[in-house]
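Have a look at the structure below before the remarks.
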There are 2 protein chains.
Amino acid sequence: MRYLEDFVAGQRIELAPITVQEPEIIEFATRFDPQAFHVDPGHPTTLSLGGVMASGWHTAALFMRMIVDAYLADTAVLTSPGVDELRWLHPVRPGDTLCGEVIVEQVRISESKPDRGLLSTRVVLHNQSDEAVFSVKTLAFVLRRPANELP
Amino acid sequence: MRYLEDFVAGQRIELAPITVQEPEIIEFATRFDPQAFHVDPGHPTTLSLGGVMASGWHTAALFMRMIVDAYLADTAVLTSPGVDELRWLHPVRPGDTLCGEVIVEQVRISESKPDRGLLSTRVVLHNQSDEAVFSVKTLAFVLRRPANELP
């Protein structure tokens, strides 16, 4: 298990690639973001925008899966207060493969609750053509290593 | 169809309530955010946090559906550059009913592309106990009304 002490500013964590296909894009958007350019490949608006693109919230959800698989599942995370400066920089299209890395920006011990701290990261996802498609700054409360547990 | 001219700073748009149940919470998180407190009701961590809670990205996706239903589906939206200050203020639990409103913060015509502008809003979602659970500032590019179309 990773604790707050296992993160240091400047640390980079690589994310395993993930590929997204048209049926998933349409299924997600039909449920959560049913705008023509996410769900209807033949719609004039979709055609004028170069074809179906993933809902930005689908991209955000894929990003979450990538960071859970990369490190969150093995980290003593409590909750997250939120994210900042979330940007959709380029459309995510059917067949795109996303990859990226997390850069640790700050690790700060809580003053009011000394058993935990706040982990701040900056993340950018790229597609297979090395175009940046998504960026965000994340925040998470992470437990410090208990005194009786060795690193 | 609504265009940029149909939004003014201070305007409020009410969002229709949406209820989320445990099977959807677990299904979404199994796919995108498989942390114990989102997918495993009996896990010690889940129990220590008061039971299963929705992935924050599930709440964000539900918020998107609420604003598509309330006004985006009938608005000449192009794309969104992103969102700012996204906050998960309180856990969203199985059976919770979310409601909220959008407040228009700014409507600004693009200098480089005069056929469109940037719509900035501020949104807060509450649960059935009137606890704020989610807030975010959104940005969207919206077309201005074409000269040949009457309001």
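The values are calculated or read from the model by the stated rules, or taken from the named source; none is laboratory data. Predicted, not measured: the structure shown is a model, and the values here were computed from it. Please note: Cβ atoms are built from the backbone with ideal geometry, for glycine as well, and neighbour counts cover all protein chains shown.
Some notes on this structure:
- Only one of the listed residues (A:Pro114, A:Pro81, A:Pro94) is under 23 Å from B:Phe37 (Cα atoms) and either crowded, with 19+ Cβ neighbours inside 10 Å or in contact (Cβ under 8 Å) with a residue 60 or more places away in the chain (or both). That residue is A:Pro81.
- Residues satisfying the stated conditions in segment B:30-58, i.e. of a type in the set (S, T, N, Q) and either surrounded by 15 or more Cβ atoms within 10 Å (Cβ to Cβ) or more than 11 Å from chain A (Cβ to nearest Cβ) (or both): B:Gln35, B:Thr46, B:Ser55
- Condition check for B:Ser55: over 19 Å from B:Arg12 (Cβ atoms), of a type in the set (Gly, Ala, Ser) and in contact with a strand residue (DSSP E or B) (Cβ under 8 Å, 6 or more places away or on another chain): no
- Unmet criterion (only one of (1) free of Cβ contacts under 8 Å to residues at least 12 places away in the same chain; (2) of a type outside the set (Phe, Trp, Tyr); (3) more than 7 Å from every other protein chain (Cβ to nearest Cβ)) for A:Arg122: (1)
- The selection criterion, being at pLDDT 95 or above and not hydrophobic (A, V, I, L, M, F, W, C), does not hold for A:Pro44.
- Positions within segment A:60-72 being within 8 Å of the chain's Cα centre (by Cα) and not hydrophobic (A, V, I, L, M, F, W, C), in sequence order: A:Arg65
- Of all residues in segment A:127-151 being assigned to a strand (DSSP E or B) and over 30 Å from A:Ala54 (Cα atoms), the one that is farthest from the chain's Cα centre (by Cα): A:Leu143
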